[in-house]
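Engineer: My questions will all concern the structure given below.
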Amino acid sequence: MQKYFIMFGPPGAGKGTHAAPMVKRYHLKHISTGELLRSEIAAGTELGKQAKALIEKGELVPDEVVEGMIAGVFAANPDVKGFLLDGFPRTVQQAIDLDEMLESRDEYVTGVISLMIPDEVIKERIKGRALIEGRADDANDETIANRIRTYHAKTEPLIEVYKQKGIYHEVDAVGTIPEVEARVMALMDTF
Ligand code: ADP
């Protein structure tokens, strides 16, 4: 059995930041849909061209596009201990499709680690990151506002879905990186 963890939270919550030490410590394969999409854009592929316009508006790319990428990474890593999904699922449909992908192989989601952060802190963090990473979708106020709206409308309903499954765990993501990392690791140690 492989383990499947979901790093959940709004944009700017620190999913990517905390994913890095987690994958190292628990020997997981990190799958960031945002990073996968950005490498498609950088490589100038057809998929990247389609995704670019949506990402820069703060919209989600179609479910089948991200699901195709996820399935590819699962298939290419049969020997890892597990996966850390970062930025996926982001819609209720994606969560249903993930369950189907896993059920067909007798696997299931092990746990959801939900980074909790208020909208005002999100905006500050994304603005700070824009100066460091130079992401186009971090630079524009309207795009940031739309990503936050998209999160509340399409992604936040997943909280209820995973609560009902009994696999949902919240972590307070306000604090310094080492503080939040310690909280995340304390939770991960319980799995
Ligand atoms: P953040 O979580 O900070 O917004 P990500 O790097 O996870 O950043 O995602 C950047 C963008 O990539 C999203 O705003 C969205 O347009 C697209 N994206 C990433 N993951 C998904 C997904 N699972 N479904 C649809 N679109 C996605």
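The values are calculated or read from the model by the stated rules, or taken from the named source; none is laboratory data. Because the structure is predicted, anything quoted here is derived from the model rather than measured. All Cβ positions, even for glycine, are placed from backbone atoms using ideal geometry, and neighbour counts span all protein chains on display. The area values use the complete protein model at the heavy-atom level, side chains included, leaving out ligands, DNA and RNA. Shrake-Rupley method; radii C 1.70, N 1.55, O 1.52, S 1.80 Å.
Engineer: Rank by packing, highest mean first: peptides 14-24, 180-190, with packing defined as the count of other Cβ atoms within 10 Å averaged across residues. Don't skip to the answer; put the middle values down first.
Structural biologist: Details: 14-24: 18.6, 180-190: 15.1.
The most tightly packed comes first, giving 14-24, 180-190.
Engineer: Given the Cα atoms of the chain, and with Rh set as the inverse mean 1/r over their pairs in the Kirkwood sense, what is Rg to Rh to two decimals?
Structural biologist: Working: Rg = 15.9 Å, Rh = 17.0 Å.
Rounded to two decimals, Rg/Rh equals 0.93.
Engineer: At 222 nm, what helix-only mean residue ellipticity would the chain give, in deg cm²/dmol to the nearest 500, using -39500 (n - 2.57) for each DSSP H run of four or more? Don't skip to the end; give the middle numbers.
Structural biologist: Details: 10 runs with 110 residues, N = 191.
Computed ellipticity for the chain at 222 nm equals -17500 deg cm²/dmol.
Engineer: Could you state the number of Å between the C-alpha centres of segment 105-129 and segment 153-191?
Structural biologist: Answer, in whole Å: 7.
Engineer: Taking N as the number of residues in segment 86-164, what is its alpha-carbon radius of gyration divided by 2.2 N^0.38 Å? Walk me through the numbers before you get to the answer.
Structural biologist: Values: Rg = 15.1 Å, N = 79, 2.2 N^0.38 = 11.6 Å.
Working it through for segment 86-164, the quotient is 1.31.
Engineer: Sticking with this structure for a sec: Sort 100-106, 81-87 for me by packing, meaning the mean count of neighbouring Cβ atoms within 10 Å per residue, highest on top. Could the numbers behind the result be given before it?
Structural biologist: Values: 100-106: 10.7, 81-87: 21.3.
Highest mean packing first, the order is 81-87, 100-106.
Engineer: Hey, if we sort Tyr4, Tyr26 by accessible area with the 1.4 Å probe, largest down, what's the order?
Structural biologist: Values: Tyr4 0, Tyr26 45 Å².
Highest to lowest solvent-accessible surface, that is Tyr26, Tyr4.
Engineer: Okay, moving on. Among Asp172, Asp99, Asp79, which one shows the biggest mean-square fluctuation in a GNM of the chain, springs joining Cα atoms closer than 10 Å?
Structural biologist: Looking only at Asp172, Asp99, Asp79, the biggest GNM fluctuation is shown by Asp79.
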